[in-house]
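Here is the structure we will look at, set down as structure tokens.
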Amino acid sequence: MSAGRGLVVDANILLRGVFGVRVRELLTGYAETVSFYTPDICVEDTLKYIPSIARRRGIDPVESEENLMQLLTSCINVIEMPAYEKYETWARERIAARDADDWPVVATALLLDAPIWTEDQDFFDSGIATWTSNRIEVYLRDV
């Protein structure tokens with residue numbers, strides 16, 4: 001993993017990395033030049049949703065969980081709560097109008113001074129740069 005610029009990955013991007021091709025290719029393809037991070041809560045959320053999504057798609061949930069673990073070991077750094085919790089109050093203030101439960105992602109972005117890769121519009125107006133999958137490659141290429 002790179003020690004260069006960072007990018008905080010939201011749970012919905014983790015799910016796309018597990019079940020999709022493009023996001024997985026972007027994560028693995030840019031892992032040498034971009035440091036990807038996610039708060040521990042996003043991993044928990046992703047693990048919670050994998051079984052139902054896998055069943056709907058006719059995919060083995062265990063294999064899907066293994067795909068997540070592979071991404072986490074190969075190209076995504078998991079940030080544990082003790083590292084980002086000191087930013088909780090500030091993060092909650094920034095996201096309160098949208099979804100206060102998303103504060104760990106905002107706190108991680110504040111901790112790392114990094115933008116967020118998400119499909120969740122709740123992060124817009126938080127004062128932190130956000131990138132969606134349809135434009136993320138612009139950010140990744142500029143590293």
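The values are calculated or read from the model by the stated rules, or taken from the named source; none is laboratory data. Owing to the predicted nature of the structure, the values given are computational and were not obtained by experimental measurement. A quick note on method: Cβ atoms are made from the backbone with ideal geometry, for glycine too, and the neighbour counts reach across all protein chains shown.
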All conditions in (1) in contact (Cβ under 8 Å) with a residue 40 or more places away in the chain; (2) over 17 Å from S35 (Cβ atoms); (3) not aliphatic (A, V, I, L, M) are true of R94 except (1)
Of those in segment 22-40 that are crowded, with 20+ Cβ neighbours inside 10 Å and hydrophobic (A, V, I, L, M, F, W, C), the residue nearest to V105 (Cα to Cα) is F36
W90 fails exactly one of (1) modelled with pLDDT of 95 or more; (2) part of a helix (DSSP H, G or I); (3) of a type in the set (A, V, I, L, M, F, W, C), namely (1)
By residue number, the members of segment 1-48 that are in a helix (DSSP H, G or I), under 20 Å from Y84 (Cα atoms) and among the hydrophobic types (A, V, I, L, M, F, W, C) are A11, I13, L14, I41, C42, V43
The condition of being surrounded by fewer than 19 Cβ atoms within 10 Å (Cβ to Cβ) and more than 22 Å from Y49 (Cα to Cα) holds, among R98, R92, only for R92
Residue hits (segment 1-56; acidic (D, E) and either over 25 Å from F124 (Cα atoms) or free of Cβ contacts under 8 Å to residues at least 12 places away in the same chain (or both)) are E25, E32, E44
Residue set E137, E85; condition touching a Leu at 6+ places or on another chain (Cβ under 8 Å), surrounded by 14 or more Cβ atoms within 10 Å (Cβ to Cβ), charged (D, E, K, R) and in a helix (DSSP H, G or I); output residue E137
Exactly one of T33, T28, T38 is over 16 Å from T132 (Cα atoms), β-branched (V, I, T) and at pLDDT 95 or above, and that one is T28
Check: With respect to N77, is the statement that it is in contact (Cβ under 8 Å) with a residue 40 or more places away in the chain and in a strand (DSSP E or B) true?
Finding: yes
Condition (residue is of a type in the set (S, T, Y) and either in a helix (DSSP H, G or I) or farther than 15 Å from L7 by Cα (or both)) applied to segment 55-65: is it met by at least one residue? yes
Taking segment 101-124 and keeping only residues that are of a type in the set (S, T, N, Q) and either surrounded by fewer than 16 Cβ atoms within 10 Å (Cβ to Cβ) or part of a helix (DSSP H, G or I) (or both), one is left with T108, Q121
Within segment 125-143, residues being touching a Lys or Arg at 6+ places or on another chain (Cβ under 8 Å) and either hydrophobic (A, V, I, L, M, F, W, C) or under 14 Å from D102 (Cβ atoms) (or both) number 5
Within segment 53-112, residues polar (S, T, N, Q), farther than 18 Å from V21 by Cβ and more than 16 Å from the chain's Cα centre (by Cα) come out as T89
